[in-house]
Each structure stands twice: as structure tokens, then as C-alpha cells.
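Colleague: Here's a structure for you.
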Amino acid sequence: MCGIIGYAGQRPAVPVVMEGLHRLEYRGYDSAGVAYVRRQGIGVLRAQGKLMALEEKLASESAVSMCAMGHTRWATHGAPSERNAHPHTSNDAAFVLVHNGIIENYQEIKAALTAKGYVFHSETDTEVLVNLIAEYAKTEPDALHAFAAALREARGAYAVCLMARDEPGVIYAARMSAPLILGLGTGENFVASDIPAFLPYTRQVVFLDDGDIVRLSASGHDILRLEDLSSVVRAPQTIQWDMQAAQKGGYRHFMLKEIFEQPRVLADGLSGRVLDGDVLLTELDALPVPRKLHIVACGTSWHSALWGRYLLEHWAKVATQVEIASEFRYRQTLLLEKDDLVLVISQSGETADTLAALRVAKEHGAQTLGLCNVLGSSIARESQAVLYTQAGPEISVASTKAMCSQMLMLALMALYWGRRKGCLATEERRAIIADLEKLPIVLEQALPAMQHKARELSRKYAQARNFFYLGRGHCYPLALEGALKLKELSYIHAEGYAAGEMKHGPIALIDPVFPAFVLALNDSMLPKVVSNMEEVQARQGKVIALTNAGVKVQAEDVWIIPDMPGFLSGFAALPALQLFSYETADYLGKDVDQPRNLAKSVTVE
Ligand code: AGP
């Protein structure tokens, strides 16, 4: 997820663009750049790191212009660096492009362009796209037609802004499965990934649709359709939000926004990784299928690991050990043998305990694989190989969409290794992938009702001082995660437990004011879970049963969520748990995005 902005008008364009990039930094901040019209062509300045680095460069540059565009990056292809930073310029310097999204077929396009003599200076898919536009410009009548021809060849998600040397003062833009919005001013116009970028200048916005192409200048804009360049009119809307609300996309908190981003996270995670009923994880092709897998992580990432173990053992028959990083790093890791694989999971890629565990694993000669969300993070760089969750920046301290993306990657790894080991039947794999591909729309449709139910239950249980979360099988790690979310957000004591363990002591705690949140999903464990629920209820314990339609359960409160087959039901249960803790914390007036005592990335031991 990156931030882009374009401006054409009467003001000094570069300061307007830089201000807009600051307001888009929550979308990504590992490098940035600007392009601006100048007497001789298009000036481009880029810098690695936060926007301040770019500002320092601009200070010594006379970037006076009335038309400019900018980009703040969340790296997906190519580590954070100046050469991978946007904007990217075509070999002939005729075109400059900024891009948010993923061009799935960029490798094949790059090969074809290389064969024609094009030279690439970065690892990005964006540089490929801008040179494809230049190639089409040799035969198409103008920049607009060349732009459209290139976009018809590209596959994937994009929101792009393009400047052409021969059309100073004009910005072309286009969107496909990535946000792009016009801001309409008087004698000036804007295009950006999100409203905050230009909200101080105008509240008149046009939301573009997938397949829209825009020609924008100070005096006006035209919207055309990619397929045939036919003109289309989209009515402007007036934004009532204040700035802060705008950065949260109108959601009350970043946490809520990130919970509702999970359908997109699943779609992005699947993009380019599932094809014709198979899983493509080229990052793992050079690694042998592990004889034994050790997964090491902290907090929510540890819960993802515990959940992933069920799939890795069931679909890929890979013996899997899951360890808390702060324990693993001090144990005499005698278990590690040379061809073991150590997978370290970390959203931030900077968690001190997990990084230390990675280094211990390397010292013991194990092969190492990172699963991270932040490109170029320490764990990503120090692992032998790395998979990225592509979930976009997670701003809220409580991890939500990161876990969803980690679970997806673990499921894909289990399918990938199952196929390589030949222990997962093709038709079973195809069926699972088909179900995975349905997840984004199922979740998209279910989330609003889930939030409504979570709000209703939170009002009823917010005064509880203690909570049990119970689950069996792959629902046990989800119970742990539900308990972590409740305690870290609402400060209510909550314990996640394997439901079968209650009779071994914890049930002594049950009484009418110690409720239990039970994951009673429609799977093979359901009968056992129901009897665990009954043990709690026999002692006057109140139960919230999270279950599926058609399941017969008696409970104080029954919460029905979409029924996904097998392990995939975890993707429906997770947001319910997140929303219950969110609504409870918000109702109790807690600081949802920055809970007390916590940090987004625990870089200390
Ligand atoms: C989760 O809500 C917490 N913020 C915390 O447990 C977090 O998951 C943990 O610190 C691990 O972070 P990482 O994934 O960045 O390594």
C-alpha cells in the first residue's frame, strides 16, 4: 500500500505535493519521491527513508513548478532504497510514473522490453510499466493512447499517475483495484490515493472506478474508460470529514479500519500466488521441503504460528514445533538439526526476541525463512529467504490484519509443500484454493453484521473483570488471540485455554461473573466443545458461543458467523474476536489505537 498524489494548478506544486505526502505517510513510509514539470523536461527527486530525507534533498533544489506528483512507498517489489523509490522514468525520459499496487505480469513484460534493449535500474514492477508506456508511444498517436495500451497489457492492481515530457501541465491517472480519487478545486485539480492528501484545498471529490483513466490539468479533467477511451461523467461529492477522520478513511480508529481491510488483505495476499488451482511461492522453490519445521514468534504472530501448525501438519505432513521467541532464544536448541527449517514470523520484522531467535537458529546451522510485513526489515534482511504478507502498514498497536495475512501465507505454504511432497491430493488442493478465493467476498459481506453483533455483546459483557476464551484444535490458537485482544485493548483479564483443559483445574474459577467465549464452530471438534460448554454452564458460567448456522448449541448468547470449510473457518472467527475486543474497549473509553504500556514494535527485550 503506497500513497500517491498529483497536482496541477496555480500554486507552487512541489510544496502542495510534499504536504499531501505527509498526510499519506500512514500508507507507507520507507522511501519517497517527487516529479515536477520544469523548463527542460521533468525533474525527479527521490530519497530512501521518511519524507524528511526527501525534504532535505529538495532544500537544495529549485523545484519551482505548477504541476507535480509524488509518492510515498510501502515496498512490495524491491527493498526500500533510492533506486527503487518512485517516481520511475522511462529510458527515453519521455515518461515519469508513480504507482500503488502490484503488476502481476511484470516479469514477462520486463523480459520482452529487455529483449528490445530497454535497461532497468530498479527491481520494481513500476519501472517496467513506465517503459511499456514508452514502447507503446512509438506506435500510438499520443500519450493517452500509449498509456491505455500499456494498462490493457498489464495485469494486477494499480493506481497510477503519469507525466509526459511533451505534455507539461497534464497528469494522466488510472485505477484498477487500488484507490484513486480526484480533488476538484478552482483553477487547480488533484488526484491522490486518499482524501487527506488534498483535503485542506478542496472538499469536492470524485471517486474513480476500476477501469477509469483521467486526463487532469489546472483547468479541468476528463474521465475515460480504459477499454475504449469513451468519455464518462462521475458526479463530485462533498466530503464532511475532518483531517484525522479522513486518514482513518472515516473509521473511528485505525484498528477498525484495519479489521475492515482484511478482505483486501486476503485478495492482495492471493494475488499472484494462486493460479489454475495451484500455489506459486517462488521464494520457496530453492528451499527443500523441511524435514522438521520450527516456527518462532511473539504475541499475535505466535498465535498465527500455532494456528498454522494444524494446516502444515495436516496438508503437508511437515512435523512442526512452535516456540515463543523469548523462550527459544535461551534454550539449548539441541533439537535443531542441519536440514531443519526455522520460520520466524514478525509483522514489523523488528521484534527483538524474534530477531535474536533468528540469529540463534543461524548459529546452529538451521535454514531460516522470514514471514514479514515490512520489506527490508531486520528479520527480512537476515533470513535466508523471506515471504511478505503484503498487508500494507498496520498502524494500530493491536495486530489485526497482520494475523489474517500471516494465516493466509501459512495456509499457502501448507498447500505448496503438500503439493511438493505429493501428500495432498490435487482435487483436495484445488477445492481448498477455490474456497480461499471466496474468502474476500464472504468476509466483505459479513463484517458489518459482525460489528453490529460485537457491539451488542460488548455492552452486555463490558463490566466483566475476567473472561475465558475456549477452543479446540485450530480454534485453540484463535481463543488465545481473542483473549490477547481483549486484555490488551480493554484491560479486562482474559485467558485463552484449550477447551479440553478446563476440567484439569481452571474450571474452579467459573462463576456467574466469569463468562466464557467459546469457539463452537461446525467442525469435527464440535461435540467435544459442546460438552466443555456444558461443564461451564453447569457451574452457572455464562457462555458466548461463536458458531455457525444450523449448529444446535444452548448458550447465554449465540453468535452466528459464516461457515467456511475446515481450517478456513478461522478466517471468519478471527474478525469476530477482533471486533468484540474493539467494541468492548471503545465502549469502555479506552485508547484503542495506542493501549497503555504497549508499543507497535517491541524492539527491546
Ligand atoms: C498484538 O496485538 C500485539 N501488538 C503484539 O503481541 C505483537 O503481535 C507482537 O509484539 C509481535 O509483533 P511482530 O509480529 O511485529 O513481531
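Colleague: Would you list, by chain and number, the lysines whose Cα falls below 22 Å from the Cα of K110, excluding same-chain residues fewer than 8 positions away?
Modeller: K138
Colleague: Go through 305-311, 42-48, 4-10 and give me the packing order, highest mean Cβ count within 10 Å leading.
Modeller: 4-10, 305-311, 42-48
Colleague: Taking a ≥ b ≥ c as the square roots of the eigenvalues of the Cα gyration tensor of region 259-339, is the shape rounded (a/c under 1.5), prolate (a/b larger than b/c) or oblate?
Modeller: Oblate shape, in that a/c is at least 1.5 and b/c is the bigger or equal ratio.
Colleague: Okay, moving on. What is the packing order of peptides 223-231, 204-212, 131-139, taking the mean over residues of other C-beta atoms within 10 Å and listing the highest first?
Modeller: 131-139, 204-212, 223-231
Colleague: Using the crude model of +1 on Lys and Arg Cβ and -1 on Asp and Glu Cβ, and no other charge, please compute the dipole size for region 495-605 relative to its Cα centre, in debye to 20.
Modeller: Using Cβ point charges on Lys, Arg, Asp and Glu, region 495-605 gives about 140 debye.
Colleague: Once each part is reduced to its C-alpha centroid, what is the distance from region 167-184 to region 370-435 in angstrom?
Modeller: First find each Cα centre; the distance between them is then 32 Å.
Colleague: Right, something else. Given L519, N131, G3, which one lies farthest toward the positive end of the charge dipole of the chain, if we put +1 on the Cβ of every Lys and Arg and -1 on the Cβ of every Asp and Glu?
Modeller: L519
Colleague: With a 1.4 Å probe and all protein chains left in place, how much of the accessible area of the chain comes from carbon and sulfur atoms, in whole percent?
Modeller: Answer for the chain is 51 percent, counting heavy atoms of protein chains only.
Colleague: Further, regarding this structure: Using only the alpha-carbon atoms, how far is helix 299-315 inclined from the longest principal axis of the chain? Give it as 0 to 90 degrees, nearest 10.
Modeller: Approximately 80 degrees, to the nearest 10.
Colleague: Which one, M163, G185, G272, projects farthest toward the positive side of the charge dipole computed for region 157-283 from Cβ point charges (K/R +1, D/E -1)?
Modeller: Result: G185.
Colleague: Tally Lys and Arg at +1 and Asp and Glu at -1 over the other residues with C-beta under 12 Å from the C-beta of L275: what net charge comes out?
Modeller: Residues close to L275 contribute a combined charge of -1.
Colleague: Nothing charged except the Cβ atoms of Lys and Arg (+1) and of Asp and Glu (-1): what's the magnitude of the dipole of region 326-456 about its Cα centre? Round to the nearest 20 debye.
Modeller: Using Cβ point charges on Lys, Arg, Asp and Glu, region 326-456 gives about 140 debye.
Colleague: Sticking with this one: Beta carbons within 10 angstrom, averaged per residue: use that to sort the peptides 102-115, 52-65, 157-170, highest first.
Modeller: 157-170, 102-115, 52-65
Colleague: At 25 °C and a viscosity of 0.890 mPa s, what translational diffusion coefficient does Stokes-Einstein give for region 57-206, taking Rh as the Kirkwood radius over Cα pairs? Give it in µm²/s as a whole number.
Modeller: 153 µm²/s
Colleague: Counting Lys and Arg as +1 and Asp and Glu as -1, what is the net charge of the other residues whose Cβ lies under 10 Å from the Cβ of W241?
Modeller: Residues near W241 contribute +1 overall.
Colleague: Compute the relative contact order of the chain as a whole-number percentage, counting only Cα pairs closer than 8 Å that sit 6 or more residues apart in sequence.
Modeller: In percent, rounded to a whole number, it is 11.
Colleague: Could you give the accessible area per residue of the chain, probe 1.4 Å, as a whole number in Å²?
Modeller: Per-residue value: 37 Å².
Colleague: Starting from the Kirkwood radius over alpha-carbon pairs of region 402-448, derive D by Stokes-Einstein at 37 °C in a medium of 0.692 mPa s and give it in µm² s⁻¹.
Modeller: The estimated diffusion coefficient comes to 281 µm²/s.
Colleague: List the GluC sites (Glu not before Pro) in region 320-395 that DSSP assigns to loop (not H, G, I, E or B) and whose Cβ has at most 16 other Cβ atoms within 10 Å. Which are they?
Modeller: Sparse-neighbourhood loop GluC sites (Glu not before Pro): E337.
Colleague: Once the dipole of the chain is set up with Lys and Arg at +1 and Asp and Glu at -1 on Cβ about the Cα centre, which of A391, S304, A32 lies farthest towards its positive end?
Modeller: Among A391, S304, A32, the one farthest towards the positive end of the dipole of the chain is S304.
Colleague: Moving on to the next point. Could you list the chymotrypsin sites (Phe, Trp or Tyr not before Pro) in region 243-300 that lie in coil according to DSSP, counting only those with at most 16 other Cβ atoms within 10 Å of their Cβ?
Modeller: Y251
Colleague: With only Lys, Arg, Asp and Glu charged, each at its Cβ (+1 for the first two, -1 for the last two), find how big the charge dipole of the chain is about the Cα centre; round to the nearest 20 debye.
Modeller: 760 debye
Colleague: Can you tell me which lysines have their Cα less than 22 Å from the Cα of K401? Leave out same-chain residues fewer than eight positions away.
Modeller: Those lysines meeting the cut-off are K248, K257, K438, K453, K485, K487, K590, K600.
Colleague: Of all trypsin sites (Lys or Arg not before Pro) in region 426-530, which ones are in loop regions per DSSP and have a Cβ with at most 13 other Cβ atoms within 10 Å?
Modeller: Of the trypsin sites (Lys or Arg not before Pro), the ones in loops of region 426-530 whose Cβ has at most 13 other Cβ atoms within 10 Å are R465.
Colleague: Once you have a ≥ b ≥ c as the square roots of the Cα gyration tensor eigenvalues for region 553-605, tell me rounded if a/c is under 1.5, and otherwise prolate or oblate according to whether a/b is larger than b/c.
Modeller: Taking the square roots of the gyration eigenvalues as a ≥ b ≥ c, region 553-605 is oblate.
Colleague: Per residue, what volume in Å³ does the Cα convex hull of region 513-552 take up?
Modeller: In region 513-552, the Cα convex hull volume per residue is 58 Å³.
Colleague: Please state the shape class of the chain: rounded when a/c is under 1.5, otherwise prolate if a/b exceeds b/c and oblate if not, all from the C-alpha gyration tensor.
Modeller: Since a/c reaches 1.5 and a/b is larger than b/c, the shape of the chain is classed as prolate.
The values are calculated or read from the model by the stated rules, or taken from the named source; none is laboratory data. Computed from a predicted model, the values in this text were never measured in an experiment. Heads up, the Cβs are rebuilt from the backbone with ideal geometry, glycines too, and the neighbour counts pull from every protein chain shown. Accessible surface is based on the protein model in full, side chains and every heavy atom, while ligands, DNA and RNA are left aside. Shrake-Rupley method; radii C 1.70, N 1.55, O 1.52, S 1.80 Å.
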